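What follows draws every value from the coordinates through simple rules; no lab data is involved. In this text the structure is predicted, and so the values were computed from the model without any measurement. Backbone-built Cβ (ideal geometry, glycine too); neighbour counts: all protein chains shown.
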Amino acid sequence: MTRDEAYKIMTEWTKSENLRRHMLAVEAAMVQYARKYGEDEELWAVVGLLHDMDYEKHPTEEEHPYVAVKYLQERGIAVDITHAILVHAPYTGEKPVNLMEKVLLAVDELCGFITACVYVRPSRSIHDLKPKSVKKKMKSIGFSRAVNREDITNGAELLGVPLDEHIQTVIDGMRQAAKEIGLQGENFSSQLASPAD
């Protein structure tokens with residue numbers, strides 16, 4: 001599957017602008033890590049784009065991400081894509097078996113949290129966000145409660161990288177897509193009050 005084909009499916013299944021932006025952010029983080037590790041950037045982009053494709057219509061643990069996986073399997077999409085999508089939801093019981101799956105687990109929650117951090121910055125821009133600001137917000141229990149901090153720290157440990165480095169890598173990826181995900185600081189919409197976490 002190409003990135004363009006994945007993008008078409010994502011936009012057909014998801015109408016929520018926040019959720020679309022979340023998937024685009026995860027895509028950007030996945031591509032950044034693929035580049036860092038010398039992996040297949042398009043494959044990793046596809047996984048990032050599709051990991052929550054069914055969440056808007058099927059948000060329960062009984063359906064997400066099983067509906068998406070079934071849809072993709074019926075269309076002959078490679079098992080490395082469908083298994084990664086299963087793995088990103090810990091309650092499925094599936095464990096990561098390769099680097100791509102570990103990265104998806106590691107960046108998903110962090111992308112949502114970084115988005116929330118940018119939304120409260122005066123600049124409304126990811127371009128001046130630093131890991132220390134993200135870590136400071138992680139200590140604030142009342143901030144972006146829906147994000148599991150343990151998932152973020154566990155993600156860095158899963159990849160065997162320091163937390164600061166992990167956060168910086170995800171920020172760097174998201175910066176590449178700043179305009180597309182609404183974090184460039186220009187024409188920021190105040191209507192986007194709660195990002196998809």
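At-a-glance table
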| item | result |
| --- | --- |
| Complete set of residues in region 89-121 that are free of Cβ contacts under 8 Å to residues at least 24 places away in the same chain and charged (D, E, K, R) | Glu94, Lys95, Glu101, Arg121 |
| Region 15-32, subset buried (at least 20 other Cβ atoms within 10 Å of the Cβ) and either touching a Phe, Trp or Tyr at 6+ places or on another chain (Cβ under 7 Å) or free of Cβ contacts under 8 Å to residues at least 12 places away in the same chain (or both), residue nearest to Ile85 (Cα to Cα) | Met30 |
| Cβ-Cβ under 7 Å pairs, at least 6 apart or on other chains, region 50-68 side touching a residue at least 24 places away in the same chain (Cβ under 8 Å), far side among the basic types (Lys, Arg) | Glu56/Lys15 |
| Some residue of region 122-133 being crowded, with 23+ Cβ neighbours inside 10 Å, among the hydrophobic types (A, V, I, L, M, F, W, C) and in contact (Cβ under 8 Å) with a residue 40 or more places away in the chain | yes |
| Where Lys36 falls short, out of the listed (1) touching a helix residue (DSSP H, G or I) at 6+ places or on another chain (Cβ under 7 Å); (2) surrounded by 19 or more Cβ atoms within 10 Å (Cβ to Cβ) | (2) |
| Qualifying position, being of a type in the set (D, E, K, R) and either closer than 26 Å to Leu43 by Cβ or touching a strand residue (DSSP E or B) at 6+ places or on another chain (Cβ under 8 Å) (or both), among Asp128, Asp80 | Asp80 |
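Conditions tested, residue by residue: (1) under 20 Å from Glu157 (Cα atoms); (2) small (Gly, Ala, Ser); (3) surrounded by fewer than 19 Cβ atoms within 10 Å (Cβ to Cβ).
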residue: Glu61; (1), (2), (3): no, no, yes
residue: Val69; (1), (2), (3): no, no, no
residue: Val79; (1), (2), (3): no, no, yes
residue: His88; (1), (2), (3): yes, no, no
residue: Tyr91; (1), (2), (3): yes, no, yes
residue: Glu101; (1), (2), (3): yes, no, no
